[in-house]
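Engineer: Here it is, the structure, as structure tokens.
FYI, it's all coordinate maths here, none of it is from the lab. Model, not experiment: these values are computed from the prediction. Quick reminder, even Gly has a Cβ in these numbers, built from the backbone with ideal geometry, and neighbours come from all protein chains shown.
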Amino acid sequence: RSKSAGRNEFRFFDPAMQVAAVERVALATDLRKAIEEKQFLLHYQAQVISGNGVIGAEVLVRWMHPQRGLVSPAEFIPLAEETGLILPLGDWVLETACAQLAVWALRPEMEHLTIAVNVSARQFGKLDFVERVLSVLKRTGANAARLKLELTESLLVDNVQETIEKMFALKAKGVGFSLDDFGTGYSSLSYLKKLPLDQLKIDQSFVRDVLLDPNDAAIARTIVALAQSLGLGVIAEGVETEMQRDFLAGVGCHCYQGYLFSRPVVLEAFEELVLKREMIEGLSHKVNAETA
Ligand code: C2E
Ligand code: MG
Ligand code: MG
Ligand code: MG
């Protein structure tokens, strides 16, 4: 097909849309290749608890595209879900995270760390999801209690009975669950109490303007109260300023993740941060003890 025929064929379409469609096909082809060639990398973003340093990390996948450079997950995760490539990619992320947990287990200054892994709906929906996770845990020797799976609300309501069974099966082995982007999806409060969740994660869209927008402040406060009354932990994502952190602490949220503490970084930088923060916290405890 010649170039001009191609142009005629599409003349009634919005050219911007056509460019976007072609772009997506190209990206999907590249993605397939990227999985074979392992062009992915994990970044670790610290999760901290006030006064106690770093409790763990969320792993966020990055694609090192040979021509485009680092591609953001916002661009390729939806595409990976549509094409089913999220399955091999998700397996790789889980395997890499669990292998890291097993390495940390041998280092006294790292053994307490947890890793949170994002799970997509398509991945979780697979009949053998539980088996896959358990076999990765077994193969890597990771402690299940250090693994936290981040699920989203929409994923939970898809097939509630099956979801409950899968979660309980993993929970029985010690795996933890956090409800990611909480407040942005379907929030049926009735299923919240049926699911063996450990934590609600306040979406960054509420944290961003928590000091400016009274509605966001009310939502953040309500999510913390909800977590407390359901006996769940709560963590806020996207915490960028001390004032946001202080507001959240004021309403009872003491776990945070965000640029204020660290951007998502490569493994070595994350480990350095853990060691450094432990030293700082250790020193401040010592100073407090001496001045007390
Ligand atoms: P998420 O799980 O809600 O992750 C939080 C996102 O917020 C990350 O974006 C993170 O870099 C960003 N972030 C963290 N702290 C701050 C902050 O203080 N301010 C602002 N403005 N942003 C902050 P990222 O890395 O681009 O990931 C985007 C989304 O892609 C994730 O949202 C998650 O849904 C998805 N994702 C990432 N890695 C994976 C993965 O391995 N598997 C699956 N299924 N999804 C993934
Ligand atoms: Mg997440
Ligand atoms: Mg999130
Ligand atoms: Mg989010």
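Engineer: Taking only Cα atoms and a 10 Å spring cutoff, compute GNM fluctuations for the chain and point out the largest among ALA144, ALA46, ALA218.
Structural biologist: Largest GNM mean-square fluctuation: ALA218.
Engineer: Kindly identify segment 140-292 as rounded, prolate or oblate by the Cα gyration tensor criterion: order the square roots of the eigenvalues as a ≥ b ≥ c, call it rounded if a/c is under 1.5, otherwise compare a/b with b/c, prolate if a/b is larger, else oblate.
Structural biologist: oblate
Engineer: If you bin the C-alpha pair distances of segment 46-185 every 5 Å from 0, what whole percents do you get?
Structural biologist: Cα pair-distance distribution for segment 46-185, in percent: 2, 9, 18, 22, 20, 15, 9, 4, 1.
Engineer: Any idea which of HIS112, ALA144, ALA99 is furthest toward the positive side of the dipole for segment 96-164, if Lys and Arg beta-carbons carry +1 and Asp and Glu beta-carbons -1?
Structural biologist: Result: ALA99.
Engineer: Based on DSSP loop calls and a cut-off of at most 12 other Cβ atoms within 10 Å, the longest stretch of the chain free of exposed chymotrypsin sites (Phe, Trp or Tyr not before Pro) is what? Can you show the working numbers first?
Structural biologist: Numbers: sites that count: PHE12, PHE13, TYR186, TYR259.
Free of exposed loop sites, the longest segment is 14-185.
Engineer: With the cut-off at 19 Å, tell me which of the pairs LYS126/LYS201; LYS166/LYS194; LYS138/LYS171; LYS148/LYS171; LYS38/LYS173; LYS138/LYS166 have Cα atoms farther apart than that.
Structural biologist: Over 19 Å apart, Cα to Cα: LYS126/LYS201; LYS38/LYS173.
Engineer: Just report the Cα centroid separation between segment 15-44 and segment 78-138, whole Å.
Structural biologist: Distance between centres, Cα-based: 21 Å.
Engineer: Helix 15-37 versus the longest principal axis of the chain: what is the Cα-based angle in degrees, 0 to 90, to the nearest 10?
Structural biologist: Relative to the chain, helix 15-37 is tipped by roughly 60 degrees.
Engineer: To continue, here is another question. With a 10 Å Cβ neighbour count serving as the proxy for reagent exposure, in which order, fewest first, do ASP209, ASP203 appear?
Structural biologist: Lowest to highest Cβ neighbour count: ASP209, ASP203.
Engineer: To continue, here is another question. Taking the Cβ of each residue in THR152, THR222, THR83, THR29 as the centre, tally the other Cβ atoms inside 10 Å and list the residues starting with the fewest.
Structural biologist: Starting with the residue having the fewest Cβ neighbours, the order is THR29, THR222, THR83, THR152.
Engineer: First check a/c for the chain, with a ≥ b ≥ c the square roots of the eigenvalues of its C-alpha gyration tensor; if it is under 1.5, answer rounded, and if not, answer prolate when a/b is larger than b/c or oblate otherwise.
Structural biologist: On the way: a/c = 1.59, a/b = 1.52, b/c = 1.04.
Judged from the Cα gyration tensor, the chain comes out prolate (a/c at least 1.5, a/b above b/c).
Engineer: How far, in degrees from 0 to 90, does helix 73-83 lean away from the longest principal axis of the Cα atoms of the chain, to the nearest 10?
Structural biologist: Taking Cα atoms only, the helix is inclined about 60 degrees.
Engineer: Cα-based Rg of segment 112-221 per 2.2 N^0.38 Å, rounded to two decimals?
Structural biologist: After normalising by residue count via 2.2 N^0.38 Å, the value is 1.15.
Engineer: If you stretched the chain out fully between ASP213 and LYS38, how much longer would it get, using 0.36 nm times the residue separation minus the C-alpha to C-alpha distance?
Structural biologist: Here the segment from ASP213 to LYS38 would lengthen by 58.7 nm.
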